[in-house]
Amino acid sequence: MVRIAFITPQFVTDYRNGGGLGNYLFRIAKLLVERGHQAEVFVSSNQEPRIVMHEGIRVERVSPVARKLWPTILRQMSRMGALGYALALATKAYTLAAAMQRRHREAPFDIVQSADFHAVGLAVRPMRGRIHLVRCSTAADLWNEADGRTSKHEKWRERLERATLRRADKAYAPSRFVAMHYRNRYGIPVDVLRPPLALEVAPSIYPPCGLPDRFLLHFGFFSRKKGTAWLSAGLKIAFEMEPSLRMVWVGHGSFNEIESWLDNLGQHQSKLQVLYPLPKPELYAVLQRADATVLPSLVDNLPNTAIESLMLGVPVIGTRGASIDELVEEGVTGDLVAPGDVEGLASAMVKFWRGESAVRKGFIWRGVIAEEMQPDIAIENLLHLAGVSRTVTNSIAVLKEQTF
């Protein structure tokens, strides 16, 4: 039995639409508990009660300061600009580490895993007999470049997240794309460890009303880095090439950006239906009905949207060189387009719509990466990376010499 602590800015108990990080942590923690291990989560939050049990997982909500003082402190830090933002991140990291350390004295952990996101693991102290892993949820500099963010606030965040990686005993990323970026640009050794395959819930048998009979689907977070702007430009061409084509978007993003992307479609706006984020059962029901998903990320890190699509046998139209090509086998489980190729993306969508693609919906996802992501193998690889694995049978070990 292994005891593992997860330090995170997001978890499903507090951030239900918080994105891939919270969902991943719930999946991995639940799988660990189901296999007889003990998983505890320390999440930055101001909610009550402070300690809750969620499907066998102990969750401790950690606030940097008393709730009544936090707005005042935030206002003071905001007046300090980028430095104040960096201090806020550091404060969050130190309070999370302190909460974990108090619990460690009561019941020692074998592994502490923190996210790189917001540098929440920055203050974890090295201790003999306990290993600190950092999981790269993003590569902040790549994400900011793709979204056009150049503020001093973001530069501070990038520096602190890289410092967190350097201070860890070991760091890993779900994708080779992100791992190689940190190695090549910054000389930071980052291994590759695939996440476990799991759907949190079964798809609902009742999808939302009003969906088209046929449609392509874009879902998740709408942003430039997720390729939504590129998709909007490609859609305009695709609608002109194939007037019967229909598309559904499900998710959230900047209201102003979504409005501009819709305006770009001109007379074709009625062919695109935009839905707010849906509960997972309803989302999966929509996903199962789609002819294909269109996930043209410019940068990504093995996105849940692509994994969920493939698990449900839905083809993916994605991007080469942004980690989706690590998941999608071209011509078998989807098609890939060069980043920013508007006409290529439009042609790929029309090709699927007309049934001209060799890929057929309803496939069973197989291959090396799908094998690495089987729950037992993914859990074993995590423990092996941490050096606490007791059995490495049938495991695809994440050794540097095998990965690179």
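Computed per residue of the chain from DSSP H runs no shorter than four, each worth -39500 (n - 2.57), the mean residue ellipticity at 222 nm is -12000 deg cm²/dmol. Placing unit charges on the Cβ atoms of the charged side chains and taking the dipole of region 182-229 about its Cα centre, the candidate lying farthest along the positive direction among I188, V201, S223 is I188. Equivalent ellipsoid of region 277-342: semi-axes from √(5λ) of the C-alpha gyration tensor, largest first, are 20, 12, 10 Å.
Dividing the alpha-carbon radius of gyration of the chain by the rule-of-thumb value 2.2 N^0.38 Å gives 1.00. Applying Stokes-Einstein at 37 °C and 0.692 mPa s to the Kirkwood radius of region 104-158, computed over alpha-carbon pairs, gives a translational diffusion coefficient of 252 µm² s⁻¹. Using bins of 5 Å that start at zero, the share of Cα-Cα pairs per bin across region 324-366 amounts to 5, 23, 29, 25, 14, 4, 0, in whole %. Note on region 4-56: semi-axes of the ellipsoid equivalent to its C-alpha gyration tensor, largest first and rounded to whole Å, are 18, 13, 9.
Shown for region 216-311 is the translational diffusion coefficient from the Stokes-Einstein equation, using the Kirkwood radius over Cα pairs, a temperature of 25 °C and a viscosity of 0.890 mPa s: 180 µm²/s. The slack between R183 and R366, meaning 0.36 nm per residue of separation minus the straight C-alpha distance, is 63.0 nm. Considering all different alpha carbon pairs of region 73-190, the Kirkwood hydrodynamic radius works out to 15.0 Å. If you wrap the Cα atoms of region 120-187 in a convex hull and average its projected area over all directions, you get 4.9 nm².
Computing the accessible area with a 1.4 Å probe over protein heavy atoms, can you report the carbon and sulfur percentage for the chain?
Carbon with sulfur: 53 percent of the solvent-accessible area.
Just checking the listed ones, A98, A285, A202: in the Gaussian network model of the chain with Cα springs under 10 Å, the one fluctuating most is A202.
The values are calculated or read from the model by the stated rules, or taken from the named source; none is laboratory data. The shown structure was predicted, so the numbers you read here are calculated from the model rather than taken from an experiment. Ideal geometry is used to build each Cβ from the backbone, glycine not excepted, and the neighbour counts take in all protein chains shown. Note: areas computed on protein heavy atoms with side chains; ligands, DNA, RNA excluded. Shrake-Rupley method; radii C 1.70, N 1.55, O 1.52, S 1.80 Å.
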